1. Can you give the angle from 0 to 90° between the axis of helix 60-72 and the longest principal axis of the chain, with both taken from C-alpha atoms, to the nearest 10?
2. How high is the relative contact order of the chain, in percent, counting Cα pairs under 8 Å that sit 6 or more residues apart?
3. So for each of 353-359, 185-191, 432-438, 165-171 I average, over its residues, the number of other beta carbons within 10 Å; can you give me the resulting order with the highest mean first?
4. Given R₀ = 35 Å, FRET efficiency for ALA82-SER427 by Cβ-Cβ distance, to 0.05?
5. Which distance in Å, rounded to a whole number, links the C-alpha centroids of the stretch 254-276 and the stretch 28-83?
6. What whole-number distance in Å separates the alpha-carbon centres of the stretch 293-311 and the stretch 150-228?
7. Once R0 is set to 25 Å, what does the formula 1/(1 + (r/R0)^6) return for the Cβ-Cβ distance between ARG391 and LEU466, expressed as a FRET efficiency to the nearest 0.05?
8. Can you give me the relative contact order of the stretch 36-86 as a percent, contacts being Cα pairs under 8 Å and 6 or more apart?
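No lab work stands behind these numbers, since they all come straight from the coordinates. For clarity, every value in this text was computed on a predicted model and none was experimentally measured. Neighbour counts are summed over all protein chains in view; Cβ atoms, including those assigned to glycine, are modelled from backbone coordinates with ideal geometry.
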Amino acid sequence: MRLLHEVLDAAPAGRSAIKHSDVTLTYGELRDRSLGLASWLADRGVARGDRIVVQAANHPESAALLYAASRLGAIFTHLHPAAQPYQLRHVFADCEPALIIADQGCMAAARASAVADVCCLQELPADCGPGRAPVGQSASPSDPACLIYTSGSTAMPKAVVSPHAQMIFAARAIQQRLMYRADDAVFCALPLSFDYGLYQLLLCALAGAQLVLGGQDEAGPALLATLARERISVAPLVPAMAGTLARLLARAGQPGTRLRLITNTGAAMPGSVLSQLRAALPSLRVQLMFGLTECKRVSIMEPDGDLARPGSCGLPLGGTEAWAVGPAGERLPPGQTGELVVRGPHVMAGYWRAPALTASRFRVGNDGTPILRTGDFCSFDSDGYLYFAGRIDDTYKSRGLRVSVAEVEAAALDVPGVTAAAVLPPSAARPAALLAVTGDVSPSHVLRELTARLEDFKVPAACHVLPAMPLTAHGKTDRNVVAARLGEAPR
């Protein structure tokens, strides 16, 4: 397999591929739909190298359009349905799409910001003639398959150029660790604009598993009922969803679910949440992961490996290498913290139309293998397991010593009763760090407990308890909103 659509074409045609609401498509039907949509796109003038943008809630048509774009050599981009007008204007100006496809709820905003034709996802032709493959120049494995825009929490989103070869290598390497099975039903309420959600399409196709697409409404109070009704066996989760599931299971008594595996990436999973999930579902297995869009996935822990190595994110993917470097670029020995460097065929091709930024992060080794300077702090133990220590951008000085936001947040999450935590580093207007938490706790109790877990200089100056932790569209803590709720300007 060299191109994304070849992953779909190799999947067992008769098996269920995608279920969404009352629609179920087999892999053969999804293949035919992608062929038909490729013909429709070609008839509208979409060709190799053109960009198509889809802005929609999770829907089977998005999957068909991904594979249709691959068949033409076009470049696919998926945007969150809640993307704001200023974000749409930025993305459309940045990637200059040949066509924009939006679901009904996004049409007005897409048209207001559009620089190209806009079509409604729900009004795509039902019969596009699936019998014929589109005529035209096919893609090369080194061609971009997707532009995946980062969340842009502190700046405008930037697009990671994700070629066919790198995406297929990453998906295969991840599947070798997670081992999705043909009889699995995988629940995905993560938006397809988030690479964690998008890659579920590829992982399920490689395994011949069924992907059950959900929405935000199914990631809340309805989550446990959805898992039981759809007979879900695998669930990729972010911490907020995992916390919801733990609370629902605690109330349910009889969980009624066949869930066998949960995975996590994007943000650290609180140990207390994992303990609650394991207590409610004794046969459940957990695989923690670490990655970033620029190389998709860095490391994956073996099932339940976090119990033996608390705080670790696992070993690098097969066929790849990762290490920590010091200020001069020297490799650091086990136990020392430095910048994470990643090397391998999963390193993407850089940032779209950003040559200076690309040159600062993406390098090529002497043997031609791509190398990524991640901008993350980490360390490795003597067995090669990775321990994430935070973003370089998310470190600050307290009493002249470096403090990691990730370390302080992890310590706060270890305090009984704390369900979420966010650190606001010092700023020009505020000389000391602040901590925001959620849960049935008092600020004084949290700070007192932190003194038993951290050195004095790492304990924030103050703690605030919020009724709920604000999240980005991808389920990560939105520190800009936290700052606003505490009456501060975003950093």
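1. 70 degrees
2. 11 percent
3. Values: 353-359: 12.6, 185-191: 24.7, 432-438: 20.7, 165-171: 23.0.
Top of the packing list down: 185-191, 165-171, 432-438, 353-359.
4. Rounded to the nearest 0.05, the efficiency is 0.80.
5. 32 Å
6. If you average the Cα positions of each part, the centres end up 16 Å apart.
7. Working: r = 22 Å, r/R0 = 0.88.
So the FRET efficiency works out to roughly 0.70.
8. Details: 60 pairs, mean separation 23.4, N = 51.
After rounding, I find 46 percent.
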